[in-house]
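The values are calculated or read from the model by the stated rules, or taken from the named source; none is laboratory data. Computed from a prediction, not measured in an experiment: that's the story for all the values here. Glycine also receives a Cβ, built like all others from the backbone with ideal geometry; neighbour counts cover every protein chain displayed.
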């Protein structure tokens with residue numbers, strides 16, 4: 001017989017967790033022209049004309065609409081860029097982010 005002792009090894013490798021996703025939300029205002037909102041949605045979020053109009057109208061009717069879902073860094077960057085583009089043109093258009101549930 002052998003005097004070798006066996007021990008169980010702890011699992012050292014753990015699967016990385018998926019990053020939490022965040023929603024980019026378009027907040028309605030009564031001053032920004034609809035065509036400008038559609039232009040920002042197409043340029044900043046790569047939506048086609050029809051999708052951009054649908055998102056814009058949903059925000060107009062309900063007060064806000066989820067535009068897209070990204071990782072936190074990407075969502076914040078896109079929301080900031082879109083909001084700043086509106087500010088440069090003098091519009092109060094606002095995009096926010098919030099964690100996805």
Specify which of the listed residues (62, 54) is over 19 Å from residue 19 (Cα atoms) and loosely packed, with under 12 Cβ neighbours inside 10 Å.
62
Do we have any residue at all in segment 15-28 that's modelled with pLDDT of 95 or more, buried (at least 17 other Cβ atoms within 10 Å of the Cβ), touching a strand residue (DSSP E or B) at 6+ places or on another chain (Cβ under 8 Å) and assigned to a helix (DSSP H, G or I)?
no
What pairs come out if I take residues in segment 40-68 that are free of Cβ contacts under 8 Å to residues at least 60 places away in the same chain and at positive phi and pair them with residues that are buried (at least 17 other Cβ atoms within 10 Å of the Cβ) and not in a helix (DSSP H, G or I) whose C-beta lies under 7 Å away, six or more apart or interchain?
63/28
